[in-house]
1. Against the condition in contact with a Phe, Trp or Tyr (Cβ under 6 Å, 6 or more places away or on another chain) and open to solvent by 10 Å² or more (accessible area, probe 1.4 Å), how does Arg463 come out, does it pass?
2. Can you pull out the helices (runs of 4 or more DSSP H) entirely within the range 133-198 that have at least 3 residues that are touching a helix residue (DSSP H, G or I) at 6+ places or on another chain (Cβ under 9 Å) and of a type in the set (Val, Ile, Thr)?
3. Against the conditions (1) in contact with a helix residue (DSSP H, G or I) (Cβ under 9 Å, 6 or more places away or on another chain); (2) assigned to a helix (DSSP H, G or I), where does Asn288 fall short? Just the number, please.
4. Mind checking which residues of the range 670-725 are out of contact with any Asp or Glu (no Cβ under 9 Å at 6 or more places or on another chain), of a type outside the set (D, E, K, R) and part of a loop (DSSP other than H, G, I, E, B)?
5. Return the pair list, or none, for Cβ contacts closer than 6 Å from residues in the range 494-510 that are within 15 Å of Ala431 (Cα to Cα) to residues that are of a type in the set (Gly, Ala, Ser) and buried (at least 24 other Cβ atoms within 10 Å of the Cβ), at least 6 apart or on different chains.
6. Select from the range 346-370 the residues that are assigned to a helix (DSSP H, G or I) and open to solvent by 30 Å² or more (accessible area, probe 1.4 Å) and list them in ascending order.
7. Please find, among Met460, Met484, the residue that is more than 22 Å from Asp194 (Cα to Cα) and assigned to a helix (DSSP H, G or I).
8. From the set of residues in the range 574-621 that are of a type in the set (D, E, K, R) and under 27 Å from Val742 (Cβ atoms), which is most open to solvent (accessible area, probe 1.4 Å)?
Amino acid sequence: MIDRSALNEAFDCGSPIQPCKTYLKHYGESLKERFATGSIPTDQLVTERAELIDEILKRAWHHHFSDDAGAALVAVGGYGRGELHPMSDIDLLILFKGEENFDVFKTNLEQLLTLLWDIGLQVGHSVRTIDDCVREAAQDITVITNLIESRHLAGSRPLFEAMLEATDPDRMWSSHVFFEAKWQEQIQRHAKHDDSISNLEPNIKESPGGLRDIQTIVWVAKRHFRISDLHDLVRHGFLTEVEYKTLIEGQNHLWRVRFALHLLTGRHDDRLLFDHQRTLASQLGYDNDYANLAVECFMRDYYRTVMELSRLNEMLLQHFQEKILLQDQLGEPTEINRRFQSRSDFLEVTHDRVFEQSPTALLELFLILQENQSLKGVRASTIRLIRNHTYLIDEKFRQDTRAQNLFMGILRQPIGITRALRRMNIYGVLAAYIPAFEDIVGRMQYDLFHVYTVDEHTLMVIRNLRRLTVDIYAQESPFCAQLMNALPKEELIYLAALFHDIAKGRGGNHSELGAIDAYAFCRQHHLSEYDSHLVSWLVSNHLLMSMTAQRKDITDPEVVQAFAAQMGDASRLSYLYLLTFADSRATNPGAWNSWKDSLLRDLYIATRRALLRGLENPLAQEDLIKEKQDAAMWNLQQSTDLRTEAILGLWSTFNHEYFLTHSPNAIQRHTESILATPAYELPLIKMRQTAKRGGTEVLFYGIDRDNIFAVITTLLDQLALSIVNARVMSTSAGFSLNSFLVLEQDGSPVEQGQRWDEVTGTLRGGLVQDGDQPLKVSRSLPRRHKHFDTATNIYFTQEPNSQRTAMRLVTLDRPGLLSDVGQAFASCQIRLQHAKITTLGAEVEDIFFITDRKNNPILDETQLECLKQAVTERMPE
């Protein structure tokens, strides 16, 4: 809808500024309306906007330059392709012949640019001679890429054509060199985005599978084949009509999302931030369904689109490599078997009907890649055949014993399992062979905890397990690597990993539903009843160990005894521990830290001891306390001059919970520090690195007071430290012994030196103040957290064999949270004994073990209601 007569009138009047601004304003409103109603396809709006800018620029150029000015106006970049989204850059190249008459040229150019800015066009421009273009393009791949897409708008066409000739592939950047450079550029760009299509906040343009991948194909094709559009690739035999249609549909989907994003933000920003995802989902017509949010459906379509574009990108670049780098001079084939052969280190089928004649070859191909590590990949022509024949993987195929043996053979290979499964996923074979897997491809969960789509997370779990068997990676987690190498059948844990989240998005308990699928798959693949039940049990219980470690006091012998009973034997425990370890690291690698690692390891070790002791022989609390006290006493007598009477006197003020929840070494350290500190030097504040627990311990011992937990957590929060564990004890002598395990915001321990001095100084200064100081944390809520509606839920349970009440708090993570909880405890006369802090993205799930003032469990419903109300009132709405 370009009104050329209106534009003519605008430039025919004395000053075109106001008429053009008015026209652009009305056009922008029309653009939004037509996009919102869907009356015009997005690709037409994108090209139409470029055409409108063409018309304005041509008139503006002729308004300031004569036809013989010796200059040319050239569109470059995306605008050169004839594509303009609402906030896209308008990139221009102004070509001029030389320095003669430059002053006049410069004056006219400044007037032109001023006009464009005045009417509201934000243009990016460069001013060059042909020699400048040649020099800059020869040195910079970005410059030559822009010139490849250049398009003449106005001025001297001979000058423009001379520039094209001067930068021709025969003169610089041969197609061979250009392809190598663009390929490496794509590899580096993908690496910046973790080589993953499923980042939580992907970049529509730059992320793998994004618009830049399509553009890379176009640039290479233009440089080598001198094509004018993507459809020319069909004529050259690189794409089929179906593939071309898929490519264009994918591009149009991304264009639609990008167009909406530009209109929503009012700026050139191609990142799909959490700030915008829900709004975009609504604007683009997505609705919630019975099991998924609208935003999850929207992002699933995005991820599936870029996955398909990634497949096409890989295939086309492989084609280009053969055509441009190898120049069709592939070596002679080396036969592998009747169905496959190697050519120039790439795997290919022996003839085009291999999959029709032997459908199970669709799985055999991946096994051959594992068995022949010298193979660099799969030839593009074979990739196309795979994609075109996945329909052969039907129920008959899945029931074929040959296919079943091939699949299990892939999982039993000593090398290449992760790579094989990734390729199977990319080529669509994995979802075809395991139909339930299709439902999790591209499925995201709208939170900050799960940073990958479910399918990519699943493959990351398998990758984490596989790395434990590889020497160069095993040193990252030697304890787990040792256990992994001792498993009797590694393929069982890979199967459990493959199925552990396969039922997500169906509604219902995904662990139970997945366990059913896993058992059926295992039996279908001829696993024994025992092995099938083990895989199914692992899937059903894959969250059990992490929930126990995070929600329960694993220093309590009865908690460990109950968990050991659920395990049944040491073999199951090892399988579940390794699966939990790999799953946790693959859920959010950035949130994994040494503290979480130590939690799982401590639970594993304690449970294994219980199993070795025998489930019928639980360790009594009194026996455990005596064991710890005897060990701590012996250490103290060996390393210090402290009197036994002084030690026992101090211990007599401690409750039994302290000895149950601390190791003999911790009891020794605390006792030695307290007895070595004169009363006039209290409060005692001491820090220590704890390699085993994976953090920095902050120890406090001083006069007890009601709000001591709130004060300390406020001060630590003000220091931007994350508290992951807290143990609080009020002694019978009127003192408080608190131990906090803290990490920096990036999950690392607190570095010794100046940072330790800052922490201890801040705590000492804040704790010696008299009266009630204001407990406020000034740090702001992280940007991402603002876009999640996390309701506050509080649950109370009575610990059956412990004199404590457990309070579970689920709410939005924010600065000052623990301080507010501590103040709520103080206001309701609640005493905190132990806290376990778990952050799940934007959400926290914290467990507080509490008592009344007399150290008894809280059985009074009135007091519990008081606490629930006090905590809720302090949570943001």
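1. Numbers: in contact with a Phe, Trp or Tyr (Cβ under 6 Å, 6 or more places away or on another chain): no; open to solvent by 10 Å² or more (accessible area, probe 1.4 Å): yes.
No: the conditions fail for Arg463.
2. In the range 133-198, the matching helices (runs of 4 or more DSSP H) lie at 141-148.
3. Result: Asn288 fails condition (2) only.
4. Correct list: Ala676, Thr677, Pro678, Leu682, Pro683, Ala691.
5. Phe499/Gly514; Phe499/Ala518; Ile502/Gly514; Ala503/Gly514
6. Residues of the range 346-370 assigned to a helix (DSSP H, G or I): 354-357, 361-370.
If the condition is that a residue be assigned to a helix (DSSP H, G or I) and open to solvent by 30 Å² or more (accessible area, probe 1.4 Å), then Glu356, Gln357 are the ones that fit.
7. Details: Met460 fails: more than 22 Å from Asp194 (Cα to Cα).
Exactly one of Met460, Met484 is more than 22 Å from Asp194 (Cα to Cα) and assigned to a helix (DSSP H, G or I), namely Met484.
8. Narrowing the range 574-621 to residues of a type in the set (D, E, K, R): 583, 585, 596-597, 601-602, 608-609, 613, 616.
Checking the rest, the ones that are also under 27 Å from Val742 (Cβ atoms) come to 583, 585, 596-597, 601-602.
Details: Asp583: 16, Arg585: 68, Lys596: 47, Asp597: 33, Arg601: 52, Asp602: 49 Å².
Among those residues, the one meeting the criterion is Arg585.
The values are calculated or read from the model by the stated rules, or taken from the named source; none is laboratory data. Keep in mind that this is a model prediction, so the values were computed, not measured. Please note: Cβ atoms are built from the backbone with ideal geometry, for glycine as well, and neighbour counts cover all protein chains shown. The accessibility values were calculated without ligands, DNA or RNA, using every heavy atom of the protein model including side chains. Shrake-Rupley method; radii C 1.70, N 1.55, O 1.52, S 1.80 Å.
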